Amino acid sequence: MAMHLADAARRASPGRRRSRRPVMSEINVTPFVDVMLVLLIVFIITAPLLTAGVPVDLPKSQAKPLSEPVEPLVITLDAAGDIYLQETPVPLAALVARLEAVVASKSDTRIYIRADAGLAYGEVIALMGHVQAAGFERVALVSEWESGDGG
């Protein structure tokens, strides 16, 4: 009987009462939404900065854009005739040596040439000759895509 009284005393103690409220099983999504909005703002601000490059007036073309899984090497020839390797200015005399170093490490690298639309055809072809002399076989010209409806 002593055990029975001890159990009754334990059940009657106020600290051991069970709550009759149901368990809350909902997730508070407010912090999640806050984090997502901050990430959205960060991406909106940084996305235009990632596409920075040398400003060039590219010729128009109706050819569809190519999808390339690996980032290609880009050479830009601006309206003044200055040459840029990626975004770094390079004199023509040093261009072939730099390109040969790239070919030595990765021979299958695709190279894109971006040339201003106002340049003479001969200047672009001369640049392509230097690129091919350095050992690049996969050379492509970059243009802006123009829709077929005249706009």
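List of remarks:
- For Glu144: the one exception among (1) of a type outside the set (A, V, I, L, M); (2) touching a Leu at 6+ places or on another chain (Cβ under 8 Å); (3) at pLDDT 80 or above: (3)
- Counting the residues of the range 2-42 that are in a loop (DSSP other than H, G, I, E, B), polar (S, T, N, Q) and either modelled with pLDDT of 60 or more or surrounded by 10 or more Cβ atoms within 10 Å (Cβ to Cβ) (or both) gives 3.
- Put simply, of Leu77, Leu127, Leu85 the only residue that is of a type outside the set (Asp, Glu), crowded, with 17+ Cβ neighbours inside 10 Å, more than 27 Å from the chain's Cα centre (by Cα) and at pLDDT 85 or above is Leu127.
- Among the residues of the range 118-126, some residue qualifies, meaning at least one is hydrophobic (A, V, I, L, M, F, W, C) and part of a loop (DSSP other than H, G, I, E, B).
The values are calculated or read from the model by the stated rules, or taken from the named source; none is laboratory data. These figures come from a predicted structure and were not determined experimentally. FYI the Cβ positions are ideal-geometry reconstructions off the backbone, even for glycines, and counts take in every protein chain you see.
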